[in-house]
1. Using the Cα gyration tensor of chain B, with a ≥ b ≥ c the square roots of its eigenvalues, what is the shape: rounded (a/c below 1.5), prolate (a/b larger than b/c) or oblate (neither)?
2. Is region B:21-114 rounded, prolate or oblate when judged by the Cα gyration tensor, a ≥ b ≥ c being the square roots of its eigenvalues, rounded requiring a/c under 1.5 and prolate requiring a/b larger than b/c?
3. At B:R118, label 7 Å along Cα→Cβ: distances to the other copies, nm, ascending?
4. Provide an ascending nm list, one decimal, of label-point separations from A:N147 to the equivalent residue in each further copy; define each label point as 7 Å from Cα along Cα→Cβ.
5. Based on the Cα coordinates of region A:13-66, what is the per residue volume of their convex hull in Å³?
6. Rounded, prolate or oblate, given the Cα gyration tensor of region A:94-150, with a/c below 1.5 counting as rounded?
7. Looking only at the protein assembly as shown, where both bridge partners belong to it, what percent of the DSSP beta bridges are antiparallel (to the nearest 5)?
8. Give the Debye-formula value of log10 I(q)/I(0) at each listed q (0.10, 0.12 Å⁻¹), with one equal scatterer per alpha carbon of the protein assembly as shown, two decimals each.
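FYI, it's all coordinate maths here, none of it is from the lab. Remember, predicted model here, so these are calculated numbers, not experimental data. Methodologically, a virtual Cβ is constructed for each residue, glycine included, from the backbone with ideal geometry; neighbour enumeration extends over all protein chains shown.
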There are 2 protein chains.
Amino acid sequence: MKHAHTHNLEHDLLAAAQWCAKRGEKLTDQRREVLALLLSAQGSMKAYDLLAEIQKQRPTAAPPTVYRALDFLVAAGLAHKLESKNAFVACCDFEHPHHGLMLICDRCHKVTELSDERLAARLAEDAASHGFSVAAQDIEVRGLCRNCRDGDTEGAA
Amino acid sequence: MKHAHTHNLEHDLLAAAQWCAKRGEKLTDQRREVLALLLSAQGSMKAYDLLAEIQKQRPTAAPPTVYRALDFLVAAGLAHKLESKNAFVACCDFEHPHHGLMLICDRCHKVTELSDERLAARLAEDAASHGFSVAAQDIEVRGLCRNCRDGDTEGAA
DNA sequence: GCCCCGCATGTTATGTTATAACATTTATTG
DNA sequence: CAATAAATGTTATAACATAACATGCGGGGC
């Protein structure tokens, strides 16, 4: 087993801040708080759940507070939106370009982000064969993760 | 060029009704009306746009009217939801099982549904390699279709 | 025929997700 | 320190979706 999250969290936040700086942008407090929540979450989080957490510290926070942070994080590649759930996850590896394939467990709600260049290439090829030029892509798979499929009862809601 | 839509529309609706019957279900008037709207649409349609159309004939129609029809059509494989747009399209070939790859033009909003078994297989393989069992998948690509990329001005909003 | 049951629809209300619009504050820089 | 760009605060509302319960409707058994 690896060591606990909290240690990695600080590291990840620092790396994210540096990543932003490299892009000429800033990881402000609000953005960092939202990202920290996403990084700490077991699965994905909904915007209004994030808002509720943020409001514990900043009671005046409103929907735009969290949506702005999310918009920024997604644009910066630090987070992804799961369109099929209207939820958000931290990106597992924002420093390397990738086209995430999201495996979303319907039982424990954990999300695994894979990168498969051959899959992306095949998709690009399909698009190109129809004269379509790709700007963005979203691949989401719903089902059961290994633990849940194997009858694990610990991860259930 | 192929001949006009109206002719095909009746044919498609009939085929859809037969498809439903084969499954022990019914393509009721409401469901058929919604499907007809989707089949006639150039691109995708939003639930509330469908509702507005339906209300021209049935002024008392309410959101559940259209959402129920959409739920049915999607479950029957007659339509798909575009998660990234919260919109719906008619399925291009409901009689053959397929995992649609959706090419969504950001300019003219037309949607092309492709079927690529090798892509689907690769995706299933990726999932399986992580012990993930796939129940459903959604692949959406945003970008520019051939016409719009080539500077066509006719399809713009 | 009529009762019963399952499915579809009607109807009202509300829940959930997201953004518009404008005011204010904060950071940057010349 | 003024100018201005970026971020945040604040209020309101738009857009998407479903819960819950009532009503109708159609087919099979008796």
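1. oblate
2. Oblate, because a/c is 1.5 or more while a/b does not exceed b/c.
3. Computed spacing set for this position: 1.1 nm.
4. 4.9
5. Roughly 86 Å³ of hull volume per residue.
6. Because a/c hits 1.5 or more and a/b exceeds b/c, region A:94-150 counts as prolate.
7. Here the share of antiparallel DSSP bridges comes out near 75 percent.
8. Calculated log10 I(q)/I(0) at the listed q: -0.68, -0.96.
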